[in-house]
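Peer 1: Okay, handing you the structure first.
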Amino acid sequence: SIASADMDLNQLEAFLTAQTKKQGGITSDQAAVIAKFWKNHRTHIHESLINQSRWDNVLKNMNWRVDLKSQLRHVDQINTPVAIVEMELGRNGQ
């Protein structure tokens, strides 16, 4: 919960206080250890979560255009815009 919310120190303190008051929750010593760990490693944990949730592929190139139909059987379909998108994906670092 702490990592997914990327809690600041005030949010962390409120969260840990609530956890110590909850029946079956954590002790105040455990809360102190968790708070110290989070303060020291917050940046590394946040970066790790971002890297794990990122797609393996990256967008290398993108082309797009909008076409208008100028001749069809039915008059109501003339000048209907159609978007065409082409995306080239590649592996990260390749």
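The values are calculated or read from the model by the stated rules, or taken from the named source; none is laboratory data. Because the structure is predicted, anything quoted here is derived from the model rather than measured. Counting neighbours? That spans all protein chains shown, and the Cβs are built from the backbone with ideal geometry, glycine included. For accessibility, only protein heavy atoms count, side chains too; no ligands or nucleic acids. Shrake-Rupley method; radii C 1.70, N 1.55, O 1.52, S 1.80 Å.
Peer 1: Around Asp8, with a cut-off of 12 angstrom between Cβ atoms, what is the net charge of the other residues, counting Lys and Arg +1 and Asp and Glu -1?
Peer 2: Net local charge, Asp8 excluded: 0.
Peer 1: Turning to a different aspect of this structure: Accessible area per residue for the chain in Å², computed with a 1.4 Å probe and the full protein assembly in place, what is it?
Peer 2: Values: 8120 Å² over 94 residues.
Accessible area per residue: 86 Å².
Peer 1: Could you give the dipole magnitude of the stretch 9-53 about its Cα centre, charging the beta-carbon of Lys and Arg +1 and that of Asp and Glu -1, in debye to the nearest 20?
Peer 2: Details: 5 positive and 3 negative charges, 18 e Å.
Dipole about the Cα centre, nearest 20: 80 debye.
Peer 1: Right, another one. Taking the chain, which chymotrypsin sites (Phe, Trp or Tyr not before Pro) meet the DSSP loop condition and have no more than 16 other C-beta atoms within 10 Å? Mind dumping the intermediate values first?
Peer 2: Numbers: sites: Phe15, Phe37, Trp38, Trp55, Trp64; in loops: Trp55.
Of the chymotrypsin sites (Phe, Trp or Tyr not before Pro), the ones in loops of the chain whose Cβ has at most 16 other Cβ atoms within 10 Å are Trp55.
Peer 1: Further question on the same structure: How large is the dipole of the chain about the Cα centre if only Lys and Arg carry +1 and Asp and Glu carry -1, each at its Cβ, rounded to the nearest 20 debye? Working shown, then result.
Peer 2: Values: 11 positive and 10 negative charges, 18 e Å.
Dipole about the Cα centre, nearest 20: 80 debye.
Peer 1: Among Val82, Val33, Val58, which one moves the most in a GNM of the chain with springs linking Cα atoms closer than 10 Å?
Peer 2: Val82
Peer 1: Which is the longest stretch in the chain that no exposed loop site breaks, taking sites as trypsin sites (Lys or Arg not before Pro) with a DSSP loop state and at most 13 other Cβ atoms within 10 Å?
Peer 2: 23-53
Peer 1: Once the other residues with Cβ under 13 Å from the Cβ of Ile34 are scored (Lys, Arg +1; Asp, Glu -1), what is the net sum? Intermediate results must be reported in sequence, preceding the final value.
Peer 2: Working: positive: Lys36, Lys39, Arg42; negative: Glu13, Asp29.
That sum, taken over residues with Cβ under 13 Å, equals +1.
Peer 1: Moving on. Just Ser28, Ser48, Ser70 to compare: in a GNM of the chain, with alpha carbon springs under 10 Å, which one fluctuates most?
Peer 2: Comparing Ser28, Ser48, Ser70 in a Gaussian network model of the chain, the most mobile one is Ser70.
Peer 1: With label points built 7 Å along Cα→Cβ from the Cα atoms of Asp6 and Ile84, find their separation and express it in nm.
Peer 2: 3.9 nm
Peer 1: State the label only: which of (i) 50; (ii) 62; (iii) 30 corresponds to percent of Cα pairs over 21 Å apart computed from the shown model?
Peer 2: (ii)
Peer 1: Under the definition of Cα pairs under 8 Å and six or more residues apart, what whole-number percent is the relative contact order of the chain?
Peer 2: Values: 76 pairs, mean separation 21.2, N = 94.
So the answer I get is 23 percent.
Peer 1: Can you pull the accessible area of Thr20 for me, 1.4 Å probe, Å² to the nearest 10?
Peer 2: Probe radius 1.4 Å; accessible area of Thr20 about 50 Å².
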